[in-house]
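Here's the structure we're looking at; comments come further down.
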Amino acid sequence: MGLFRASVRRELHRLIHTPVLVYSALVLPVALTLLYVAMFWRGTVHDLPVLVYDGDRSELSRQLVRMVDATPSAEVVGYVEGIEQGRQALVRGEADALVVIPEGLQSDVLGGSGGAEVAAEISGARILNCGLLKRDLTTVFQALNIGIETQMLGARGIPAEKGYAMAYPIAFDKHILFNPYGSYAYYLLPGLLFLALVITVSVVTVYVVGSELKYGTAGEWVATAGGSIARALTAKLTPYVVLFGLLSVFMNTLLYRFLGLPFHGQEAAILVAGNLFVVLAYMAVSVILVAATANMRLSMSIAGGLATASLSLCGLTFPAIGMYPVIVALAKLFPFTWFVDLFIEQSLRGAPPARALGDLAALGVFVLATTLFMRRLRRVATEAKYYGRA
């Protein structure tokens, strides 16, 4: 135990007296956390700019414009004198949609002749904005049609309640179980926060282990631990496990306490265990890279690249069901994929704790894989020919 404490003290001394480590392991993750939280504070997108061409200039067209402006995602920012003028504004990025109200809309509707048509031209340059506007504008036009039909039936003496039932004979009752407000903070913000954490974990782990080789101090490192590479590695990483564990608690506190993200899980300890396991898994990957390459710069590049690619492959931004089976299989080789699955099931879906055992076991496999490289790590740490590599 004395050798372990001596090794931990040695690493704490290196951490405190190495500015790049203090900045990378503490200052930068906290700053990124606060930046991402500020970025997603509102949770959902509101008031996307919409232009209107009103060729009818009637009470009905003004009512339609008011309804569009009242939707959560849209804000009518102005009128255009011609359709082409509005299209050019879309091209310039001054608006995300153009609502075109033709001349004679009200007379066609009230006259019962039919054929009235309102168009909405939506920019698809930003997929998120396009989807939100398409959803809300479609809802507006459906609501307007039902309202007009109900009023016309009322003019024929049919009560409003019965008229509404005739205009809308099949009701659609929609229930969104896990994210009813469509908040991107519920799933994307945790993904970004923990992605930043695992990138930090990967790069810092490579540095703290690889720098022993680069600066030729690996022999002293192992000797301080009594010649045991397992003890030396465990003692070296212990301060960072504690530090990154506290950072994960800080992130979760911001997410669930201050941002109000829902937690439907039965055991918060499962989520905390997932945070710890994903940190250990990426530490393990970084140690394996250093042992295999004996090159800090190369290991750092690979570790950072693998951690960054995790977000694309985990299915958080693009669903796995849309990927080729080979890519889905490849994604299983990234610890972040298992962590995201655990987070979604335990936090949002409220799945039984037993469902998390598979994800925790998969993350544990990455940690156990380190044992296969311990002999190689001891060799590169104790043989001078591996020292000083770029």
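Tell me yes or no: at least one residue of the stretch 280-299 is surrounded by fewer than 22 Cβ atoms within 10 Å (Cβ to Cβ) and under 19 Å from Pro190 (Cα atoms). Yes, the stretch 280-299 contains at least one residue that is surrounded by fewer than 22 Cβ atoms within 10 Å (Cβ to Cβ) and under 19 Å from Pro190 (Cα atoms).
Considering only residues of the stretch 302-335 that are among the hydroxyl-bearing types (Ser, Thr, Tyr) and over 28 Å from Gln266 (Cα atoms), which is most open to solvent (accessible area, probe 1.4 Å)? Applying the filter and picking the extreme gives Tyr324. Among the residues making up the stretch 259-274, those that are open to solvent by 70 Å² or more (accessible area, probe 1.4 Å) and touching a residue at least 60 places away in the same chain (Cβ under 8 Å) are Phe263, His264, Gln266, Glu267.
Condition first: loosely packed, with under 15 Cβ neighbours inside 10 Å and modelled with pLDDT under 70. Can you find one or more residues in the stretch 134-153 that meet it? No - not one qualifying residue is present in the stretch 134-153. When you check Ala356 against the structure, is it over 30 Å from Leu298 (Cβ atoms), in contact with an Asp or Glu (Cβ under 7 Å, 6 or more places away or on another chain) and open to solvent by less than 20 Å² (accessible area, probe 1.4 Å), yes or no? So Ala356 passes the test.
Scanning the stretch 328-349 for residues that are within 21 Å of Leu192 (Cβ to Cβ) and of a type in the set (Val, Ile, Thr) returns Thr337, Val340, Ile344.
For the stretch 348-365, a residue qualifies if it is farther than 18 Å from Pro335 by Cα and of a type outside the set (Lys, Arg), and the qualifying residues are Leu348, Gly350, Ala351, Pro352, Pro353, Ala354. Determine, yes or no, whether Leu243 is at pLDDT 85 or above and closer than 18 Å to Leu189 by Cβ. So Leu243 fails the test.
Within the stretch 317-327, can you find the residues that are closer than 18 Å to Gly305 by Cα and either without any contact (Cβ under 8 Å) to a residue 12 or more places away in the chain or not in a helix (DSSP H, G or I) (or both)?
Across the stretch 317-327, the qualifying residue is only Thr317.
Within the stretch 304-327, count every residue that is more than 16 Å from Leu192 (Cβ to Cβ) and within 13 Å of the chain's Cα centre (by Cα). The total comes to 1.
Against the list (1) over 22 Å from Val278 (Cβ atoms); (2) open to solvent by 30 Å² or more (accessible area, probe 1.4 Å); (3) of a type in the set (Phe, Trp, Tyr), the condition Trp338 fails is (1).
The values are calculated or read from the model by the stated rules, or taken from the named source; none is laboratory data. Bear in mind the structure is a predicted one, so any value in this text is a computation, not a measurement. A quick note on method: Cβ atoms are made from the backbone with ideal geometry, for glycine too, and the neighbour counts reach across all protein chains shown. Heavy atoms of the whole protein, side chains included, go into the accessibility calculation; ligands, DNA and RNA do not. Shrake-Rupley method; radii C 1.70, N 1.55, O 1.52, S 1.80 Å.
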